[in-house]
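Right, one structure below, let's go through it.
The values are calculated or read from the model by the stated rules, or taken from the named source; none is laboratory data. Keep in mind the model is a prediction, meaning the values are calculated, not measured. No Cβ is skipped: glycine too gets one built from the backbone with ideal geometry, and neighbour counts run over all protein chains shown.
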Amino acid sequence: MTKEMKTNKGQAGFSLIELLIVVAIIGIIAAIAIPNLLASKRAANEGSAVASMRTITSAEATYAATSGNGAYGTLPNLAAQGLVDSVLGGTGGKSGYSFVSTASGTGTAADPWLYLSTASPQAVGGVTATGTRNFASDPTGVIYSGAGSTTPMSAATGTAIGN
């Protein structure tokens with residue numbers, strides 16, 4: 001029994017100061033890493049939104065040329081034809097963005113077939129921001145970006161993004 005007491009008596013642990021220093025270092029590393037991680041997530045969400053807008057643009061052209069008989073469709077129409085997946089064609093969102101595609105027109109020269117597809121971030125400000133830009137596309141096939149807002153863009157205007 002005395003041998004056990006002697007071996008335990010010689011063992012030492014970390015001091016309070018050493019533990020506080022380690023906790024402070026971990027806090028500094030977290031303070032640097034977390035904002036970069038959030039910025040990376042927002043950039044990934046925007047990349048996904050642009051890719052989804054390209055998918056919608058292609059799907060609208062395919063829909064108009066096939067089952068739409070010249071008319072464009074809404075996202076549920078595109079999903080019903082298998083042109084977009086159920087996530088993009090649903091009412092929810094994808095990768096922190098909300099998508100809407102509205103079709104209009106009667107197909108006459110005075111009122112041609114048109115559509116406007118938009119992607120808007122579900123949250124714009126603070127640490128929960130899912131994106132910083134809105135996106136829109138129309139029958140021209142050009143995808144435009146605008147200032148971030150949870151309200152969809154009303155027209156395909158703004159800055160054309162690079163292909």
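General observations
Each row is one residue, and each column tells you yes or no for (1) modelled with pLDDT under 95; (2) under 14 Å from Asp138 (Cβ atoms); (3) among the charged types (D, E, K, R).
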{"position": "Ala39", "(1), (2), (3)": "yes, no, no"}
{"position": "Gln81", "(1), (2), (3)": "yes, no, no"}
{"position": "Asp85", "(1), (2), (3)": "yes, no, yes"}
{"position": "Ser95", "(1), (2), (3)": "yes, no, no"}
{"position": "Ser101", "(1), (2), (3)": "yes, yes, no"}
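- Count of the stretch 62-74 residues, restricted to those that are part of a helix (DSSP H, G or I), of a type in the set (Gly, Ala, Ser) and surrounded by 15 or more Cβ atoms within 10 Å (Cβ to Cβ), is 1.
- Cβ separations smaller than 8 Å between residues 6+ apart or across chains give the following pairs from the stretch 150-163 residues that are loosely packed, with under 14 Cβ neighbours inside 10 Å to residues that are part of a loop (DSSP other than H, G, I, E, B): Ala155/Asp138; Ala160/Val142.
- Lone unmet requirement of (1) in contact with a Ser or Thr (Cβ under 9 Å, 6 or more places away or on another chain); (2) of a type in the set (A, V, I, L, M); (3) free of Cβ contacts under 8 Å to residues at least 24 places away in the same chain for Ile56: (3)
- All positions within the stretch 115-127 that are surrounded by 13 or more Cβ atoms within 10 Å (Cβ to Cβ) and either over 18 Å from Leu83 (Cα atoms) or in contact with a helix residue (DSSP H, G or I) (Cβ under 8 Å, 6 or more places away or on another chain) (or both): Tyr115, Ser117, Ala119, Ser120, Pro121, Gln122, Ala123, Val124
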